[in-house]
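A short write-up of the structure that comes next.
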Amino acid sequence: MLKAAFYETDITPRLYECMPGQFEARYAPTILDHLYAHALALENGDEKVIVISLDCIVIEKRDVLKIRRRIFDVTGVRNVMVHAIHNHTGGPVADLYASERDDRYCEDLVMHAADAGIMAWQKRVPAKMGWATKEVFGLSFNRRYLFKDGHVDMNPGVNNPEVVRGVDIIDPTLTVLRVDYEDGTPMGVVMNFPLHLDSTYVKPQGFSADYPGIVREDLLREYGANFGFLNMTGCCGNINHLDVTGKVKNIYTDIGHALAGHIAELYDAIESTDDLPLRFATQEIEATIERPTQEMVDKAPAGPRRREVEGARDLPGGTVMCEVQSIGIGEFALVGLPGEVFTRFGMDIKRRSPFGCTMVAELCNAANGYIKTRAAADEGGYEATPSTYNILDRNAGYLMADAAVDNLIKIH
């Protein structure tokens, strides 16, 4: 029998804590909306899985291991996926550019995240599930462009005369997993949309879950205060909300309200099914660390971006073990990848998946910077140039995608 439950705990930092996500440090003077650790517990027979989604920009491996340890000690559940939604208005979870990690906040985050998973596990009940997808346009845009002088860079501004064309694509797919109680009444939803979370352009900026926070608020008004919610950000390393034609001007509230409407439309039409088999697979791939050359340093724009490229030049190389997880629920699958993944990898995994519907989430279980394509590595630009944050070479994404598909074939 398939069982499930949602739970959430508040992880909002104290005011004037640092918000990582830009090249310079920012401190939050207010709270636009509260931040949460969202959890979904799943069980069917001997298979047990907990998925946690955190309203923070990244989650470091050391914190993931602490979360898993606490959950295992209490519940005995070993299979835990921990996802960071990548909001640029969250708490100080890492040394990221000019922002510093706050160990005290991270200790609290670990405890609250684990407790969300534990409470979800304790509340699990017989459940039914169903899923649906929809293409949504006008919210997400390619952010990498070729300039007349031959270089490629992100966010060129509106109608920049030096721009020749965009060099990348978007994935417009909104994926919704509906979770019901045994009698068919709504329990909660898991959403997945490939769009960067850096759209809280209001003053003063404060703590916010960005557009997923607005989606959550709208859905709770629609389906009740106890409605469960989980956002799993799709592969969007090269996608954001900025339209360089100037025709579309969205901020987080616009995006959130629009997505909530689409989600409700899909959710209400989904027919859920009970007793779906639950499967889990994971494997680690060894990815190579890449450090910038002097030529890369010289090509980086002057200022903070060059500082971060130059700061990584003489750091040690080596390899990183990257965990790739896959969860199967009937003909639905969820894949977790450890980095800010270019859209093409998510689309490739979905295309090759044997499941009827596959949701791919980035920034699961670790932060390894951008996971770029080989074409992007040749083009250069912010997401493709090694820096203090962007550490993996051009082959990492292909290894991750192959591992994900291997997992999916194994559990299908």
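Compute the label zone of Ile169 within region 351-379: residues whose backbone N is under 13 Å from the point 7 Å along Cα-to-Cβ.
Residues 351-352 fall inside that zone.
I want to make sure I understand the PRE zone here: with the label point 7 angstrom from the Cα of Gln122 toward its beta carbon, which residues in region 3-29 have backbone N atoms less than 15 Å away?
In region 3-29, the label zone of Gln122 (backbone N under 15 Å from the point 7 Å along Cα→Cβ) covers 5-10.
Return the sequence-ordered ³J(HN,Hα) values of region 108-119 in whole Hz as given by the Karplus equation 6.51 cos²θ - 1.76 cosθ + 1.60 applied to θ = phi - 60°, using x for Gly and Pro.
5, 4, 4, 5, 5, 5, 4, 5, 4, x, 5, 5
Calculate for the chain the 222 nm mean residue ellipticity that helices alone would give, adding -39,500 (n - 2.57) per DSSP H run of length 4 or more and normalising by residue count, nearest 500 deg cm²/dmol.
-8500 deg cm²/dmol
Hey, with R₀ at 56 Å, roughly what FRET efficiency would Thr245 and Arg62 work out to, going by the Cβ-Cβ distance, to 0.05?
Once the sixth-power term is evaluated, E becomes 0.85.
For the chain, modelled as a GNM with alpha-carbon contacts under 10 angstrom, which of Thr293, Thr385, Thr233 fluctuates the most?
Evaluated over the chain, the most mobile residue of the options is Thr293.
Using only the alpha-carbon atoms, what does the chain span along each of its principal axes? Please give whole angstrom values in decreasing order.
For the chain, the Cα spread along each principal axis is 61, 44, 42 Å.
With every protein chain present, what is the per residue accessible area of region 350-398 (1.4 Å probe, Å²)?
It amounts to 29 Å² per residue over region 350-398.
Choose one answer from Glu383, Glu47, Glu290: the residue with the largest mean-square fluctuation in a GNM of the chain with alpha-carbon springs under 10 Å.
Answer for the Gaussian network model of the chain: Glu47.
Rounded to the nearest 0.05, what FRET efficiency do Glu286 and Arg69 give with R0 = 25 Å and r taken as the Cβ-Cβ distance? Could you check?
0.60
Efficiency by 1/(1 + (r/R0)^6): what FRET value for Asp298 and Thr185, r their Cβ-Cβ distance, R0 = 56 Å, to the nearest 0.05?
After rounding to 0.05, the efficiency reads 0.35.
Of the trypsin sites (Lys or Arg not before Pro) in region 201-261, which ones lie in a loop per DSSP and count no more than 14 other C-beta atoms within 10 Å?
Lys247, Lys249
Counting alpha carbon pairs within less than 8 Å and at least 6 residues apart, what relative contact order, in whole percent, applies to the chain?
Averaging sequence separation for qualifying contacts and normalising by length gives 18 percent for the chain.
Please give the length that would be gained between Thr30 and Asp314 if that part of the chain were fully extended, namely 0.36 nm times their separation in residues minus their C-alpha to C-alpha distance (nm, one decimal).
98.4 nm
What angle do you read, to the nearest 10 degrees and between 0 and 90, between the alpha-carbon axis of helix 252-269 and the longest principal axis of the chain?
Result, in degrees: 40.
Which value in nm describes the separation of the simple spin-label points at Asp378 and Phe137, placed 7 Å from the Cα toward the beta carbon?
Distance between label points: 2.9 nm.
Take the alpha-carbon positions of region 277-412, form their convex hull, and give its projected area averaged over all directions (one quarter of the hull surface) in nm².
The orientation-averaged projected area of the Cα hull of region 277-412 comes to 7.7 nm².
Output the 0 to 90 degree angle, nearest 10, between the alpha-carbon long axis of helix 211-223 and the longest principal axis computed from the alpha carbons of the chain.
20
Note the full-extension length gain between Asp149 and His257 as 0.36 nm times their separation in residues minus their Cα-Cα distance, in nm to one decimal.
34.9 nm
Just the number, please: carbon plus sulfur as a percent of the accessible area of region 251-346, 1.4 Å probe, no ligands or DNA/RNA counted.
Here it works out to 49 percent.
On C-alpha positions alone, give me the angle between the axis of helix 343-352 and the longest principal axis of the chain, in degrees, nearest 10.
Helix 343-352 and the main axis of the chain meet at about 40 degrees.
Taking only C-alpha pairs under 8 Å that are 6+ residues apart, what is the relative contact order of region 41-96 in percent?
Once divided by the residue count of region 41-96, the mean separation gives 47 percent.
Any chance you could list P(r) for region 229-316, counting all Cα-Cα pairs in 5 angstrom bins from zero, rounded to whole %?
Result, from short to long distances: 2, 8, 9, 11, 13, 12, 12, 13, 9, 6, 4, 1 percent.
Sorted from largest to smallest, which semi-axis lengths in Å does the alpha carbon gyration tensor of region 184-271 give for its equivalent ellipsoid, taking the root of 5 times each eigenvalue?
Over the Cα atoms of region 184-271, the ellipsoid semi-axes are 25, 15, 12 Å.
Are there chymotrypsin sites (Phe, Trp or Tyr not before Pro) in region 8-111 that DSSP puts in a loop and that have at most 16 other Cβ atoms within 10 Å, and which ones?
For chymotrypsin sites (Phe, Trp or Tyr not before Pro) across region 8-111 that sit outside H, G, I, E and B with at most 16 neighbouring Cβ atoms in 10 Å, the list reads Tyr16, Phe23.
The values are calculated or read from the model by the stated rules, or taken from the named source; none is laboratory data. Being a predicted model, the structure only gives us computed values, none of them experimental. A quick note on method: Cβ atoms are made from the backbone with ideal geometry, for glycine too, and the neighbour counts reach across all protein chains shown. These area figures cover heavy atoms from the full protein model, side chains too; ligands, DNA and RNA do not enter into them. Shrake-Rupley method; radii C 1.70, N 1.55, O 1.52, S 1.80 Å.
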